[in-house]
Each structure stands twice: as structure tokens, then as C-alpha cells.
Ligand SMILES: [Zn+2]
């Protein structure tokens, strides 16, 4: 993985010099679709006044134009970048940071003057809070910073109070709020700080050398000569990955042990190679990041022969690979995805790009990135395979394709119990493992999947909302249909072990039933349960015409914790009696007797487990609600008219 990141860095650094690879993208549109503006804060050292320029709208180039690099260092590090994504850095850190970082120069003298004139010296030891902007220099009516912060104990609260004053000023003078801005940048006497050569030199120093200089000198005595892992150069080298943004630890113990623990210790880098890795990581984070099932991930390509030669080439490649991913992720795109995926495949072969990919699921935490799972060496052809299998699953049978519920890779989040906390999955292990099997084409454990299916259906039925799939808008029927389609998708991908099936010709049922059962490839036991579930669905339809909220009490006959054979025997008697009570037995007698025949025949050698029993019953229930037929439909419609 490290090599692949190094290669990305190499491609970028071959082509560009200067700041481009380090620039961090900015949000340029807010939640409501409004384009954000740049706030330029000018310190006029002659008239001793601060002024705001709020006119400029942001665009794709803004981050580069104003040299936006994100934060400098870890969470407690004193900030000094002249462009920041928030206002507050400029209220108490930027100039203090600049004074600390800059070499003796004209700019440094000017910065000193700005601090004296425009910042109140709190005398605090913590240099992040030593100087706080004198709000009176913006507008005397806002009060004096010295008075405002006098009685506030917490440093952070002092800054909040000053920020409130800025908001007040913006509201009164421009009718704007801080939410209207995406970038804040400082000027001195009309010249932006990022245009000063001294500033640019400083940033170059900080970004390129980072802290390896210091480390070198610390290690000098104990480690006389090291060899760079990548280029073989010998010298006093840095072998710590501490400054990197991606931390190489993971909750997956196997990966941790086999790939990273030792690797991290033995990885030794010369400054040039370290730079490539840092640039590669930034590129990965900015250009090859996406998400699946509310989890963030990187797609890291490993080139085998040819690789992109310049930045433009690399960007085209990155766009294509991300496009492939997003096409199979979302059901909206799935039907039209094939043409685009073929085009992308042609693009790869024209360019002679042979590669495989690592998909790296991660969690952002503080300033670092915590890796939760790496799926290694994925063949890019998988996208087309997934697309084919999904499209087929969505249309496998006329009854399945006639309903609107489509599935895609993303659907899985809503089909198994994944706990939702702050909109992110907390128990992600099972879902991430399933994704790994899909991307790597490894057989799945169907019994385990079905157990998870049932668990989620139980939560929906009991109104327990802790899962992504059991929120307000979830319904048993739509979830079931999608679960069935996802099961078909996995079968189309050949991830389910061969199962028994039966010859549907022998069934004494209507053709539509036979067609559907042959699509599902059910054996006699599954078919028996399916028929029982179908009858449950028919009873439910009758019940729902009488209950006010269209409830179906028959569904409470299942426990959603699995049902053994004795429970199914009992259930079958209940269902027979209900069919009679609801006066629909005459329409369903042949179906009931097919159930009876298959069940009695197989009872001795039953091999489905309790969860499977309930699932195949529910699959019949779902079918009953998808299937439109003539006779009882008429009765239903009469009932329906009364309700209208
Ligand atoms: Zn090297």
C-alpha cells in the first residue's frame, strides 16, 4: 500500500512544483446551494483600522489562489497560515504564529506591528491565546476586547465572545453571517500575506521538510547511517510516520500484524521519498476518496505496467475510477451504468493501464485517519460484474422488476441491522466483511445473511429504530423485496454455494407461481414455506381492509427470532382456520394443499434452520403483496372503496 501511495506522489511531483499538490479543496457551496464568499480581512497599519472585503465569490480555483492548506499540524498546534476555513484562527493565532515562524525579514517586522496595533496582549502563557484581536479596531461601537474578555475564564469562551462581535458587525453592516463565507484570508495594507515571498518560503519549508530536520539531529548520535526503504540513499534519515496524515493502525488484527506493525518500524525514509509519500497521501485524500454505506473510503490504485505520466493524466484516471465506483453504489445509476463502465474499460486499455485497487475504509479521527479495513488487490473488472449482477437481480422476473424497489451496493446498509449513531454505522464489521466478499468474489455464508435479514425485519415490525434500515420510512414489504433482490444479486455474482432446487413443473400451481419459484430456485422445503407465507399475505390483505391503520395482525404470528418445525406446524393450522374465517379458503385451497403435501413429505428430513424458516415464509408473504391476481382482488377493491 505504501508503495502505491509513493507512486502517486511521484507522478504528481514529477509534473508540478510549488504548492499545487498541497492545496486542500474547500467547500464552495453551502447546504442551501448558495455559493460562499471569500472574506478578506485587511489590517491598515497607517490609519490603524481593520476592514472587511466580502465581495468575492468562491470557485474551484479559490483554494489555490489563496494558498489554502487546511490546518497546520495537530489539534493544539499554533496556526499561522494566512488563509483559513474559519474566522477564529485570525482572531487569536495567525499573527502570533507568523511571528514565531518567520525568519527576520520585512514581513516579520510588519507582523510585529500588526500585533502591537491590533491585538490585545493577554500576557497568557499559552501562545494561542496570548494575543486577541482588538474588536474596537473594527468598530468602536462593538466595545473593547480588554473589557469584553476581562471576566471570562475559559480561553475558548473569550474567542467565542469576540467572534460574536464580528458576527454582529457583519449582520449590521453587510447583512451577512459567517455561514456565508468559506475562506478567511488576511491582508496587510492591501497586500495579501500569501503573496509575500517570506511567507511563501516559510510555507515551502514547513511543507517540505516538515519535522524531519529536527528528528535527524535527534537521532544523529544513536543512528549514524540508515538506508532509505524506497530509493536506497544512505544518510541520517527519518523513520517515523508520526507526521503523516494516515495512521497505519487498524482494528483488523490480521492486517495489523501481517502488514503494518513491522512495516512501520522498518520503514525508513529520506526527505525526498518522505515528500512523495506525503504528497501521495494528500492526493489520495483529496481525489480518490468516496464513501459507501455512510463510511468513508479511499480507492488506491496499484499500477502494474504503464501508469499515468502527468497530473492531468492522473486526474482523468482518478475521475474514471471514482465514477465506476459511484455507478454501482447508487441504484439511481445502475440501469445506465453498463455503457459508461464499458467506456471506462476502453479508456484503461487504450492507455494500457493495468492495475488493481485497494479499497481502504477509514474513520477520520482528530487530525489523523484511522483505517478500519483494507480490501486488497481488487480487479477493476469487478465493477462491470457487479453492475451486471445488480441489473439482472432488479429485473430477474417480471414480478420483481414491476415494483420500484431497486438494489445497489449501497442498499446493503438498509437490509441488515447496522446501528446508526450520529448518522454513522457503529457495528460495521459484518457489513464491511460482506463488501470484501463482494469485491473479492468470495462465497458468503447464506445462513448468516438470512439471520441478519430476519433480525432487521423484527426491528421494523417492532418499531425499533436503532438501525439504518429500521427508520421512520422503512416497511416490512419494501425491505423484504430488496433483501430478496440482494440475495439474487449475490447469487448472480456466484457468491452463494450451490443449493438444492426442485422441478417446478411438478407443482400443482399457476404458471406465475412456477415462474417465480424457478427464478428463486427454491427446493421443496423452501417452496412449502413460501406457500405458507403467501397465504399469510392473503390473510393480511383481508385484515388490513378492516383495521384503521391497515395493520395485519397475522404478521405477529412470527417471532422474528426464528421458528422451529413445531411452531410452523402450529402456524399452518392457524393459517388454515384464518383462511376459513376470512372466507378466502376457496381461492386458496389448492395452494394450501400443495403446502401440506410438500411439508409432510419433507418434515422428517428438514434441513433449514429456524431463521431460514421464517425468512422463506416472509418471502412468500412479500410475493403475495407483489402479485396481482383476479378473484380476491375484486373483494379487496370493494373493501378499499369503503375506506376512500
Ligand atoms: Zn529515498
Taking the convex hull of the alpha-carbon atoms of the stretch 35-208 and averaging its shadow over every direction gives an area in square nanometres of 10.0
Of all DSSP beta bridges having both residues in the chain, the percent classed as antiparallel (nearest 5) is 80
The stretch 436-489 and the stretch 592-622 have their Cα centres apart by a whole-number Å value of 20
Per residue convex hull volume, Cα only, the stretch 393-498, in Å³ is 96
Mean Cβ-within-10 Å packing, highest first, puts peptides 545-551, 565-571 in the order 565-571, 545-551
Ratio for the stretch 522-632, C-alpha Rg to 2.2 N^0.38 Å, reads 1.01
Percent relative contact order for the stretch 502-644, counting Cα pairs under 8 Å at least six residues apart, stands at 41
Bounding extents of the stretch 73-116 in its principal axis frame from Cα atoms, largest first in Å, are 28, 18, 16
Contact order relative to length for the stretch 35-208, counting C-alpha pairs under 8 Å separated by 6 or more residues, stands in percent at 31
Note to self: C-alpha centroids of the stretch 334-398 and the stretch 285-299 sit apart, in Å, by 12
With Cα coordinates, the longest principal axis of the chain makes an angle with the long axis of helix 565-581, in degrees rounded to 10, of 70
Where a ≥ b ≥ c are root eigenvalues of the Cα gyration tensor, a/c under 1.5 meaning rounded, otherwise prolate if a/b exceeds b/c and oblate otherwise, the stretch 286-415 counts as oblate
For the stretch 14-73, one quarter of the surface area of the C-alpha convex hull, expressed in nm², comes to 6.6
Rounded to the nearest 10, the angle in degrees between the Cα long axis of helix 311-329 and the longest principal axis of the Cα atoms of the chain comes to 30
Computed on Cα atoms, Rg of the stretch 299-354 relative to 2.2 N^0.38 Å comes out at 1.17
Taking 536, 58, 502 and counting other beta carbon atoms within 10 angstrom, the fewest-first order is 502, 58, 536
Helix 106-118 sits off the longest principal axis of the Cα atoms of the chain, rounded to the nearest 10 on a 0 to 90 degree scale, by 80
In Å³ per residue, the alpha-carbon convex hull of the stretch 66-155 encloses 118
Per-residue ellipticity at 222 nm attributable to helices in the chain (runs of n ≥ 4 DSSP H, -39500 (n - 2.57) apiece, nearest 500 deg cm²/dmol) works out to -15000 deg cm²/dmol
So, for the Cα atoms of the stretch 332-382, Rg and Dmax in Å stand at 15.2, 42
Note: the stretch 121-200 at 4 °C, 1.567 mPa s; Kirkwood Rh on alpha carbon pairs; Stokes-Einstein D in µm²/s works out to 90
In nm², the average projected area of the convex hull spanned by the Cα atoms of the chain is 37.3
So the pair-distance distribution of the stretch 518-568, from every Cα-Cα distance in 5 Å bins, comes to percents of 5, 17, 22, 21, 16, 13, 5, 1
P(r) of the stretch 438-560 over all Cα-Cα pairs, 10 Å bins starting at 0, rounded to whole percent, reads 11, 35, 36, 16, 2
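Throughout, read-outs are computed from the coordinates displayed, never taken from laboratory work. If you're wondering where the values come from, they're calculated on a predicted model, not measured in any experiment. Methodologically, a virtual Cβ is constructed for each residue, glycine included, from the backbone with ideal geometry; neighbour enumeration extends over all protein chains shown.
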